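> Sharing a structure below in structure tokens format, with a few things to ask.
The values are calculated or read from the model by the stated rules, or taken from the named source; none is laboratory data. In this text, all values refer to a predicted model and were calculated from it rather than measured experimentally. Positions of Cβ are backbone-derived with ideal geometry, glycine not excepted, and every protein chain shown enters the neighbour counts.
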């Protein structure tokens with residue numbers, strides 16, 4: 001997934017390196033929008049992130 005000019009990540013300096021909640025939400029929204037539009041890489045990314053977010057089942 002390439003970034004367009006208006007979607008470039010913000011370059012941070014010094015202590016302002018942490019990502020804000022609004023930036024995280026905006027990133028999720030962009031990924032979901034691209035997946036809905038048929039982007040295979042965005043869809044794969046959502047699947048991978050969903051698997052990471054689920055707790056592991058170690059009952060076996």
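> Hey, residue 1 hits all of (1) at pLDDT below 85; (2) surrounded by 10 or more Cβ atoms within 10 Å (Cβ to Cβ); (3) in a helix (DSSP H, G or I) but one; which does it fall short on?
(3) is the only condition that residue 1 fails.
> Another one. Report every pair of residues separated by at least 6 positions or lying on different chains whose Cβ atoms are under 9 Å apart, first residue within the range 40-60 and at negative phi and assigned to a helix (DSSP H, G or I), second at pLDDT below 85 and surrounded by 10 or more Cβ atoms within 10 Å (Cβ to Cβ).
41/1; 42/1; 45/1
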